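Laboratory data are not the source of any read-out in this text; all were calculated from the coordinates shown. Model, not experiment: these values are computed from the prediction. Neighbour counts are summed over all protein chains in view; Cβ atoms, including those assigned to glycine, are modelled from backbone coordinates with ideal geometry.
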Amino acid sequence: MIDNTLNNIAEKLANNKKADKTLVVAGNQENLLTRFAVNRIHQHVRQENMSVTVVVEKNKRVGIAATSSVKEDRIDELLEKALSNAELSASESTLQLSETGEQQYDMKSRFVEDLIDDHDERARIAANIIDKGVKAGVDSFGLVNAQRQRLIIRNSAGTSIQWESDVGLLKAMYMKDEGSGYQISQFNNPGNFIWEQLSERALQKCLDSQHPEPLEPGKYTVILEPLAVGTLLEEMAMFTFNARAAYQGHSYVWEHRGEQLFPKFMTIYDWGLDDLTALRMPMDFEGYLKKPVQFIEGGVAKDVVFDSRLAQMLNHPNTGHSLPPEAYGYSPIPLNVIMLPGEKSEEQLIKETEHGVLVTMLNYVSSYLDPLTVLATGITRNGTFLIENGKVTKAVNNTRFLQSFVEALQHTTDIGSELMMVGEEMGSTTAPALKIENFNFM
């Protein structure tokens, strides 16, 4: 499965005799990227990145060191740097080693693998997206990306995990004068690689968003499309769906667990092996196997995700959601957030709205104003439209909002039936459209 060099490095580091405990996270990532802008392909490349991170405990102090070099003669130097950093550490170590044993996971998608191998096919898809824009008289931007990921996790307690997976990412954006349209989606099989549908949707939003008018400040019924809901869920993941927020006292779900505070038709959870998530990953970066975690189930606040450190601090089972060692300060975070769909299409949600706003996406979002309620500010982007008497009637300007995302979920009256994999960076977020009352625009 994994390149022997990485395996040998991880084994050598994990079995060193100088540290009391050792954790090694080693991996490589292949990106096969076709990017286009202003109606031409300007990148058609393959890029490979490798990394090795070692975490050591010595005399109850922890040190971390990382490198992008995988030359075996540099490994002793890496270990010495981690040990030196441990000597400088001011706090007592909380490093706990998983005892998962030996595991191998080959979770590659044949469809994505074919796209990785077929450079011409990626270029053809990009060219077709560009051609749509040229025929419509607009400028085209976007990318087609196929990514293969490999990871080795080893520790001095005998854990040895090898994992391989892959995922695709599509972006399509069109711009003309005052309007723009944008869509993004991850994919891992032919059924969710809907590039034609997404590019058509982005193009239509661009054409429909010409000559926008101002939106009066106030509270509106909104229909947030999956891209916007994905951003909302990612902010909830950062500010309330995790044990770090619970420990710091600003996790709304943790503070109110067991209470019916959301609509009964709402369920949001995290599960790294769910068929509804794009990048399937069975373990976290400490080598613990992931467990499914319900955040909101049938409208009831349930639980949050944990890593080994926060599990010990809050006397809770570890759910296997640690981030990579270099991101421990943000850990744990759910990386496979899924919101279950409803029964109505987006067209039905619009048809049943007398007066409201259709929002394609939210941008420049900051949720630090009140972490407990995830009070967020940002602006709408790439297609914001007025809904009147059940119809989309005209485009409105990108508009700033000030809205608690906790309250937005509480004020949700309907959930759309279509799910989209809208994640982009690490992990995957799967979201439907939401119809929400009293959404506040400034």
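The table below gives the values:
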item: Cleavage-rule hits, trypsin sites (Lys or Arg not before Pro), the stretch 1-105, DSSP coil, Cβ neighbours within 10 Å at most 15; result: Lys17, Lys18, Lys60, Lys71
item: Whole-Å distance, taken between Cα centres, linking the stretch 168-210 and the stretch 51-85; result: 43
item: The stretch 262-349: relative contact order in percent, alpha carbon pairs under 8 Å with at least 6 residues between; result: 32
item: Fewest-first ranking of Met50, Met426, Met361, using other Cβ atoms within 10 Å as the exposure measure; result: Met426, Met50, Met361
item: Residue-wise HN-Hα coupling along the stretch 283-290, computed from phi with Karplus coefficients 6.51, -1.76, 1.60 (Hz; x: Gly, Pro); result: 9, 9, 7, 9, x, 8, 6, 6
item: Filtered GluC sites (Glu not before Pro), the stretch 300-375: DSSP coil and at most 11 other beta carbons within 10 Å; result: Glu343, Glu354
item: Order of Thr5, Thr34 under a 10 Å beta carbon neighbour criterion, fewest first; result: Thr5, Thr34
item: Contact order relative to length of the stretch 4-206, as percent, for alpha carbon pairs under 8 angstrom and 6 or more apart; result: 22
item: Two-site label geometry, Asn315 and Tyr247: point separation in nm, points 7 Å out along Cα→Cβ; result: 1.6
item: Residue of Val374, Val365, Val305 that the Gaussian network model of the chain assigns the largest fluctuation, springs spanning Cα pairs under 10 Å; result: Val365
item: Spin-label model distance (nm) - Val38 vs Asp177, 7 Å beyond Cα toward Cβ; result: 2.1
item: Of Lys81/Lys108; Lys219/Lys351; Lys60/Lys290, those spanning more than 30 Å from alpha-carbon to alpha-carbon; result: Lys81/Lys108
item: Helix-only mean residue ellipticity at 222 nm for the chain, each DSSP H run of n ≥ 4 adding -39500 (n - 2.57), per residue, nearest 500; result: -7000 deg cm²/dmol
item: The chain - percent relative contact order, Cα under 8 Å, separation 6 or more; result: 15
item: Sum of side-chain charges, Arg309 neighbourhood, beta-carbon under 10 Å (Lys, Arg +1; Asp, Glu -1); result: -1
item: The stretch 216-268 and the stretch 370-420: distance between their alpha carbon centers, rounded to Å; result: 13
item: Local electrostatic count at Glu225 - Lys and Arg +1, Asp and Glu -1, tallied over other residues with Cβ under 14 Å; result: 0
item: Additional length obtainable on full extension of the chain from Lys219 to Lys264, 0.36 nm per residue less Cα span; result: 13.8 nm
